[in-house]
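Structure first, commentary second.
The values are calculated or read from the model by the stated rules, or taken from the named source; none is laboratory data. Treat the numbers as computed from the prediction; the structure is a model and nothing was measured. Methodologically, a virtual Cβ is constructed for each residue, glycine included, from the backbone with ideal geometry; neighbour enumeration extends over all protein chains shown. Surface accessibility is based on the protein's heavy atoms, side chains included, excluding ligands, DNA and RNA. Shrake-Rupley method; radii C 1.70, N 1.55, O 1.52, S 1.80 Å.
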Amino acid sequence: MSDSFELQRLADLSDEQLQEAYAPRGEPWLRVNFVSTVDGSATGADGLSTSINDDADKRVFDTLRKHADCLVVGAGTIRDEEYDVPKIPVVVVSRRADVPPTLREAPRGRVLMATVASAEGLDEARELLGHEQVLVLGEDEIDLVALKAELLGRGWRDQLCEGGPSLFGDLLAAGAVDELCWTVSPRLVAGDGPRIAGGPDVDVAVRPVLLLEQDGTLLGRWLV
């Protein structure tokens, strides 16, 4: 795929062409997927990203999940967005080893926990998920580069992170992100909604390689 690009209509792409347009460029490949409004809010007035989603974003969201070998998601985002158990393994990132309620009844092996040795809920997570499904990657802070390598060691080359902002900021600070997939929803919400990245200050250059449009919604790939 060439790095030169022009604005394309999402509706003009078949499902196969869209899948090729979003093909990973290496392995392991960790990409982060976010939606925000034009004025930069990662949520609507209700505090949820689902309220600023639309059909275009859903189509790309589904395409990215079809590519992915696993999901990497912060525990707070899973709780707030009330994630159902996905069809692919989900790695819950939590310094407290907190297994969100909606995932507690998942089939064994479908949910992993990335946490730290000092986590309050470490023993409970091991009992609930299985010892081999709980990844202890540091004493007090999660080593996100080690997490990326651990997932590759399980054969999971295409790693999809769906937030939240704090985890995205930590991944950027760790140098673990390969790509940002970002949807800009054509609306303004004002208020104090979160940005797509939070946490420590970073200054990371990105390079756009794809830009699609549908009904005013912009969807693109930025390589880190």
**Prompt:** Which percentage, to the nearest 5, of the DSSP beta bridges contained in the chain is antiparallel?
**Reply:** 30
**Prompt:** region 1-50 to region 60-90: how many Å between their Cα centroids?
**Reply:** 15
**Message:** So if each residue of separation counts as 0.36 nm, and I subtract the Cα-Cα distance between Glu6 and Thr50, what length gain in nm does that give?
**Reply:** 13.0 nm
**Prompt:** Leaving out ligands, DNA and RNA but keeping every protein chain, what accessible area does Asp12 have, in Å² rounded to the nearest 10, with a 1.4 Å probe?
**Reply:** 100
**Fill in**
One finds, for Val85 and Glu124 with R0 = 25 angstrom and r their Cβ-Cβ distance, a FRET efficiency to the nearest 0.05 of 0.85
**Asked** Given Pro24, Val206, Gly74, which one lies farthest toward the positive end of the charge dipole of the chain, if we put +1 on the Cβ of every Lys and Arg and -1 on the Cβ of every Asp and Glu?
**Response** Pro24
**Prompt:** How much length is gained on full extension from Thr102 to Asp15, taking 0.36 nm per residue of separation minus their Cα-Cα distance?
**Reply:** 28.3 nm
**Fill in**
Given a Förster distance of 25 Å, the FRET efficiency implied by the Cβ-Cβ spacing of Asp192 and Asp62, rounded to the nearest 0.05, works out to 0.25
**Complete:** Out of Gly169, Gly153, Gly47, a Gaussian network model of the chain with alpha-carbon springs under 10 Å gives the largest mean-square fluctuation to Gly153
**Prompt:** Hey, if you put +1 on the Cβ of every Lys and Arg and -1 on every Asp and Glu Cβ in the chain, which of Ser94, Ala190, Thr37 ends up farthest toward the positive end of that dipole?
**Reply:** Ser94
**Cα-centre dipole for the chain with unit charges at Cβ (Lys and Arg positive, Asp and Glu negative), debye to 20** = 360
**Request:** Note down the accessible area of Ser166, probe 1.4 Å, to the nearest 10 Å².
**Result:** 80
**Asked** Looking at region 1-110, which GluC sites (Glu not before Pro) are DSSP coil and have at most 11 other C-beta atoms within 10 Å of their C-beta?
**Response** Glu6, Glu82, Glu105
**Rg ratio (alpha-carbon, reference 2.2 N^0.38 Å) - the chain** = 1.00
**Request:** May I ask you to rank Glu120, Glu179 by accessible area, largest first, using a 1.4 Å probe over the protein chains only?
**Result:** Glu120, Glu179
**Asked** Given R₀ = 35 Å, FRET efficiency for Asp215-Ala149 by Cβ-Cβ distance, to 0.05?
**Response** 0.30
**Asked** What value does region 1-81 have for Rg/Rh, both radii from Cα atoms and Rh as Kirkwood defines it?
**Response** 0.98
